[in-house]
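Read through the structure below, which is laid out as structure tokens, and then see the notes.
The values are calculated or read from the model by the stated rules, or taken from the named source; none is laboratory data. What you see is a predicted model; the values in this text were computed from it and never measured. Note that we place each Cβ from the backbone using ideal geometry, even for glycine, and neighbour counts take in every protein chain shown. For the accessible areas, the whole protein counts, side chains as well, though only heavy atoms, and no ligand, DNA or RNA atoms are used. Shrake-Rupley method; radii C 1.70, N 1.55, O 1.52, S 1.80 Å.
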Amino acid sequence: MTELHFLTIAQASALIRAKKLSPVELIEAFLARVKRLDVRLNSHLLLLEEPALADAARAEAEIVAGGWRGPLHGIPIGLKDVFNTAGIRTTGHSALFKDHIPAEDAFTVSLLRNAGAVITGKLATWEFAIGGSSFDLPWPPARNPWDVSLDPSGSSSGSAVAVAAGLCMGAMGSDTGGSIRGPAAWCGIAGLKPTYGLLSRRGILPLSFALDHAGPMCWTSEDCGLMMQVLACHDPCDSASASVAAADFAAGIGFGLSGLRVGVVRHFFETDLLTDPETIAALETSVLALRDMGATVDPVRLSPFGAYTDVGSLIARSEAYAIHQHWLRATPELYGAVARHRLMAGAFVSAADYINALRERTRLTAELAEVMETVDVVIFPTARCPARPIGEDSMASGFQPFFNRAFNVTGSPALSICNGFSQTGLPLSLQIAGRPFEDAIVLQVGHALERAMGTRTRRPASALATAAKRLPWGIASLRSQ
Amino acid sequence: MADGLDAFGMMLDQTGLPLTEAQKSVLFTAYPMFRAMVARATAPMSREAEPSVIFVPDPR
């Protein structure tokens, strides 16, 4: 039988509903595992032991009394530490906010609690979701569970690490330029950036009003769908929140792909940004699997990937600078160096540049909509290569590891899944993007491919066993490497 | 860049950020990358072309 910590949400939920698994025992097992392993992985900034045990006991009592609330009841969920939690510090992984205690939960957090989810911890992030895997912050950066010398990517680093390592079953991430999908790719899990506006942003530390998305990160696409079922809810207090009919995100799970039209954005990885051969080989295997399942697969053409990067970067940096300008002037020393430099760079964008980038966003979104009339989803790799060493500053080297920003610019749903492994045993990744508010189709394709490629049976267990034998990773020891 | 250092200095002055010389130097290395992004993202458009964010008078 699968160990408790490696059950999926769907599996654990079925056992809990049937009263064959105690939420209290489940949460106790996860808390013990975090305490044993996280000294090496650094995924948790705060373990919520006492509140989690109290919530688990409450969930158990409700379920025993016949009050099962749904698939998240009694399930351990972690939160990237940019999601506000009432009475519990929410730091953005920054010294600037190390004593910040919100009065209210983020809207999405309240939805999770209402569904009976047990919040087990506040998770590591790049500083304010922009800073990089930095070593000059109050807490060390999270480490990749497949090899602790590697970067998990970010900014939802702790969320991806915790899910992959079996330290929680699902986690919340946020994604302004790929911050859910990048770490999902390098840690080998499923991460969904939903359609812009489908999930409320209220109570999440903002980075870019026009591009911020919240989303679920889980071991499988199916589990992401179970979380979406709870999270996709109109929030009248978020001006970007979409008021759309409730979707059934599990509707297509387990069904075939006959008749599905898939577009491959080949120029992204063949000419726009050179990509690792193993990643391309995994994509070609995925294409064969899609055809075997009845889909038609053809190339499609969009604007060069760099066009999206330019527009997304200009918008995100301008808005992030506007949000942080006060603190950058008043207390710049409280930021880590990477976040401070990335935020200050927003000062280089004029108002006219910003408006023109927003106009170009409209053009790029219209162009994609035209292409999406001919296909149901488009695919391409999430990451150009498997995980790279931690501490390597991709901004300084000019290396952009991910094909993510395009779908923040267009607001379309985009899911990263694990579609294979490198010869060195690291996860490879595929991204599936769909039409706005057709997140369920994206999840359906993701689930079908995960099953066809057989990637969900392999966990980073051996790397974790090795890590457990090592001395704890401290900031000082990292600097001496 | 012909106007690089002057334009950069003027922009920094406008921000009011308290920067050390070392911090200015790091930012100046990124400045050409941003100007290049701006140049690429400013395709010719009609004057009427709307940006993606417009004012909503009744957001609720």
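Exactly one residue out of A:Ala307, A:Ala339, A:Ala320, A:Ala345 is open to solvent by less than 20 Å² (accessible area, probe 1.4 Å), part of a helix (DSSP H, G or I) and within 8 Å of chain B (Cβ to nearest Cβ): that is A:Ala345.
Return a yes/no flag: does segment A:391-407 have any residue that is in contact (Cβ under 8 Å) with a residue 40 or more places away in the chain, of a type outside the set (S, T, N, Q) and more than 21 Å from A:Thr309 (Cβ to Cβ). Yes, segment A:391-407 contains a residue that is in contact (Cβ under 8 Å) with a residue 40 or more places away in the chain, of a type outside the set (S, T, N, Q) and more than 21 Å from A:Thr309 (Cβ to Cβ). Per this entry, A:Leu260 is counted among residues that are touching a residue at least 60 places away in the same chain (Cβ under 8 Å) and crowded, with 19+ Cβ neighbours inside 10 Å. Could you list all residues from segment A:35-79 that are β-branched (Val, Ile, Thr), open to solvent by 10 Å² or more (accessible area, probe 1.4 Å) and in contact (Cβ under 8 Å) with a residue 60 or more places away in the chain? Across segment A:35-79, the qualifying residue is only A:Val39. When each of A:Arg89, A:Arg143 is tested for being within 23 Å of A:Leu37 (Cα to Cα), crowded, with 24+ Cβ neighbours inside 10 Å and in contact with a strand residue (DSSP E or B) (Cβ under 9 Å, 6 or more places away or on another chain), the lone residue that passes is A:Arg143.
For segment A:96-108, the count of residues that are under 17 Å from A:Ile27 (Cβ atoms), surrounded by fewer than 22 Cβ atoms within 10 Å (Cβ to Cβ) and of a type outside the set (A, V, I, L, M, F, W, C) is zero. A:Ser174 meets the conditions (1) in a strand (DSSP E or B); (2) closer than 30 Å to A:Glu62 by Cα in every case but one. The failed one is (2).
As a summary of the residue check, A:Phe269 satisfies the conditions (1) within 30 Å of B:Leu27 (Cβ to Cβ); (2) of a type in the set (Phe, Trp, Tyr); (3) away from every other protein chain (no Cβ under 14 Å) except for the one numbered (1). Here A:Leu314 fits the description: touching a Phe, Trp or Tyr at 6+ places or on another chain (Cβ under 8 Å) and facing chain B (nearest Cβ under 10 Å). From the list A:Gly182, A:Gly188, A:Gly178, the lone residue that is buried (at least 24 other Cβ atoms within 10 Å of the Cβ) and touching a Leu at 6+ places or on another chain (Cβ under 9 Å) is A:Gly188. When the residues of segment A:238-259 are filtered to those that are more than 24 Å from the chain's Cα centre (by Cα) and not polar (S, T, N, Q), the one that is nearest to the other protein chains (Cβ to nearest Cβ) is A:Ala245.
Of all residues in segment B:30-60, those that are aliphatic (A, V, I, L, M), more than 7 Å from every other protein chain (Cβ to nearest Cβ) and outside any loop (DSSP other than H, G, I, E, B) total 3. Is one or more of the residues making up segment A:282-293 out of contact with any Lys or Arg (no Cβ under 8 Å at 6 or more places or on another chain), open to solvent by 10 Å² or more (accessible area, probe 1.4 Å) and within 27 Å of A:Gly132 (Cα to Cα)? No: segment A:282-293 contains no residue that is out of contact with any Lys or Arg (no Cβ under 8 Å at 6 or more places or on another chain), open to solvent by 10 Å² or more (accessible area, probe 1.4 Å) and within 27 Å of A:Gly132 (Cα to Cα). All of (1) open to solvent by 10 Å² or more (accessible area, probe 1.4 Å); (2) in contact (Cβ under 8 Å) with a residue 12 or more places away in the chain; (3) under 19 Å from A:Ile130 (Cα atoms); (4) more than 8 Å from chain B (Cβ to nearest Cβ) hold for A:Glu333 with one exception: (2).
The residue of segment B:1-54 that is modelled with the highest pLDDT, among those that are surrounded by 10 or more Cβ atoms within 10 Å (Cβ to Cβ) and of a type in the set (Asp, Glu), is B:Glu50.
The residues of segment A:350-363 that are at the interface with another protein chain (Cβ under 9 Å from one of its Cβ atoms) and surrounded by fewer than 24 Cβ atoms within 10 Å (Cβ to Cβ), listed by number, are A:Ser350, A:Ala352, A:Asp353, A:Tyr354, A:Ile355, A:Asn356, A:Leu358, A:Arg359, A:Thr362, A:Arg363.
Screening A:Phe402, A:Phe421, A:Phe437 for residues that are under 30 Å from A:Ser94 (Cα atoms), modelled with pLDDT of 95 or more, open to solvent by 10 Å² or more (accessible area, probe 1.4 Å) and more than 14 Å from every other protein chain (Cβ to nearest Cβ) leaves exactly one candidate, A:Phe402.
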